[in-house]
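The structure appears right after this line, and notes come after that.
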Amino acid sequence: MSRIYLIDDHAIMRDGLRLVLEAAGHEVVGEAADPTPALADLARLRPDVVLLDLRLGQRSGFELLAEFQRRGLKLRVIVLTMSDQPRHVAEALRLGACGYLLKGSAGSELLQAVEAVAAGRRFLSPQAAEFAASAPASAEPHADEDALSPREHQILLMVAQGQTSNAIGEALHLSPKSVDTYRSRLMKKLGLHDIAAVVKWAIREGLISLDED
């Protein structure tokens with residue numbers, strides 16, 4: 001059976017996954033709601049499979065996948081998410097994910113995915129495979145999106161969620177002026193001209209939703 005690490009910002013989701021996985025004989029060796037402790041744990045624990053959500057509060061699962069590559073962490077990652085956007089499937093696979101599964105999938109499908117990925121195979125849920133196959137060339141990540149640094153991506157999410165420069169600066173230990181500089185830089189990279197455009201872009205890309213608390 002496999003050693004598994006869970007990364008999801010909802011405790012109830014992690015608890016449910018743990019129950020399903022442990023009932024099937026797998027060992028959940030750790031869990032995290034945020035990328036920072038997850039990175040420290042993963043370098044130490046080296047699990048067989050990582051289950052990763054794409055939306056991690058003010059952070060992104062894409063950011064974490066990119067960080068795995070930068071650090072040379074050879075991890076078998078299954079993205080487990082609500083996002084059914086073709087470009088997100090394509091981006092996750094481009095960043096090294098071995099599997100992509102929607103959160104509405106049955107527990108049996110989750111176990112199939114874990115077994116396949118632990119054995120070194122790729123697993124896409126039927127819906128994700130269809131999305132990946134149907135993704136047009138224009139759905140590939142734009143160079144401007146790829147150019148965002150992890151910090152810029154983090155600030156993008158916080159701006160899109162309606163947080164002020166002062167609030168963002170306090171949360172990230174930056175001056176409001178530094179936050180404004182990051183915001184101007186990321187907006188230029190994405191070709192966005194005002195905050196409303198930032199919010200629309202984040203909604204379109206599935207980074208935030210209209211019903212998000």
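For region 51-64, a tally of residues being at pLDDT 90 or above and either among the hydroxyl-bearing types (Ser, Thr, Tyr) or out of contact with any helix residue (DSSP H, G or I) (no Cβ under 7 Å at 6 or more places or on another chain) (or both) returns 0.
Residues that are of a type in the set (S, T, N, Q), closer than 16 Å to residue 150 by Cα and out of contact with any Leu (no Cβ under 7 Å at 6 or more places or on another chain) do not occur anywhere in region 44-60.
Scan region 75-90 and tell me whether some residue there is within 16 Å of residue 153 (Cα to Cα), of a type outside the set (A, V, I, L, M, F, W, C), at pLDDT below 85 and surrounded by 15 or more Cβ atoms within 10 Å (Cβ to Cβ). Looking for residues that are within 16 Å of residue 153 (Cα to Cα), of a type outside the set (A, V, I, L, M, F, W, C), at pLDDT below 85 and surrounded by 15 or more Cβ atoms within 10 Å (Cβ to Cβ), one finds at least one in region 75-90, hence yes. Filtering region 169-213 down to residues that are at pLDDT 85 or above and closer than 16 Å to residue 60 by Cα, which residue is surrounded by the fewest Cβ atoms within 10 Å (Cβ to Cβ)? Ranking the qualifying residues of region 169-213, first place goes to 172.
Among the residues of region 28-44, those that are loosely packed, with under 15 Cβ neighbours inside 10 Å and either modelled with pLDDT of 95 or more or aliphatic (A, V, I, L, M) (or both) comprise 40, 43. If the condition is being small (Gly, Ala, Ser) and crowded, with 21+ Cβ neighbours inside 10 Å, then region 91-116 contributes 92, 97, 99, 113. Of the numbered criteria (1) crowded, with 18+ Cβ neighbours inside 10 Å; (2) farther than 30 Å from residue 169 by Cα, the one residue 15 fails is (1).
The values are calculated or read from the model by the stated rules, or taken from the named source; none is laboratory data. This structure is a prediction, so every number in the text was calculated from the model and none was measured. Backbone-built Cβ (ideal geometry, glycine too); neighbour counts: all protein chains shown.
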